[in-house]
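This report refers to the structure that appears directly beneath it.
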Amino acid sequence: MAKHPMTTLCYVEKDDAYLMLHRIFKKNDVNKEKWIGIGGHFEEGESPEECLLREAYEETGLTLHSFRFRGIVTFTQENYGTEYMCLYTADEFSGELKECDEGVLQWVFKKDLFNLNLWVGDLIFLKLLQEDAPFFSLKLSYKGDELIEAVLNGKELKHRDWDQLEDRRLF
């Protein structure tokens, strides 16, 4: 069965840091060597919140108690297809952090996020989270690892803005 085109991604917050996943274990991984939040594909019949809670527990061992739906991100990538990602942040949880079979979990201070190997598009939505932007819709189109289009709330972002993000000048 093909993977569901809907996913969740969550940035769990604690002490001015996000819980990040360095994707180094999974074979044939589009996110290989990248740092991302936690999350994954919906299972049949799941709501976004059910997927969020299940994925958070499966990947981290944590049970989320307080979370916020921040935006929807549409990803397109040549030879990969389209994925619709529900983006969340969470700030209350319980449980013991466990090892993840997809990579290494690590708390990373928000000020240090932009020094990690991140997708360029992730820099855009992390900046929106940093600014506490209202609910947003972001479309990110890639050719391989190269971001070729970014559209925020129906308006195209100019390529020079991505360059600034990639150079970390906006943070």
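Tabulated data for the structure shown
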| read-out | value |
| --- | --- |
| Contour excess over end-to-end distance, with Cα ends at D101 and E131 and 0.36 nm allotted per residue | 7.6 nm |
| Across K34/K111; K111/K143; K110/K155; K98/K143; K14/K155, pairs whose alpha-carbon gap is larger than 24 Å | K111/K143; K110/K155; K98/K143; K14/K155 |
| Expected 222 nm ellipticity per residue - DSSP helices of 4 or more, -39500 (n - 2.57), all of the chain, to 500 | -5500 deg cm²/dmol |
| Within a Gaussian network of the chain (alpha carbon springs, distance under 10 Å), most fluctuating of G45, G37, G71 | G45 |
| Restricting the stretch 80-160 to GluC sites (Glu not before Pro) in coil, as DSSP defines it, with at most 12 other Cβ within 10 Å | E96, E99, E131 |
| Cα pair distances exceeding 26 angstrom across the chain, given as percent | 23 |
| Longest to shortest principal axis, alpha-carbon extents of the stretch 67-135, angstrom | 37, 31, 24 |
| K32-K143 pseudo-label distance in nm [points 7 Å out on the Cα-to-Cβ vector] | 2.2 |
| Relative contact order of the chain, pairs being alpha-carbon contacts under 8 Å that are 6 or more residues apart, as % | 24 |
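Coordinate-derived values only; no laboratory data. Bear in mind that the values here come from a model prediction, so they are computed numbers and not experimental data. Virtual Cβ from ideal backbone geometry, glycine too; neighbours counted across all protein chains shown.
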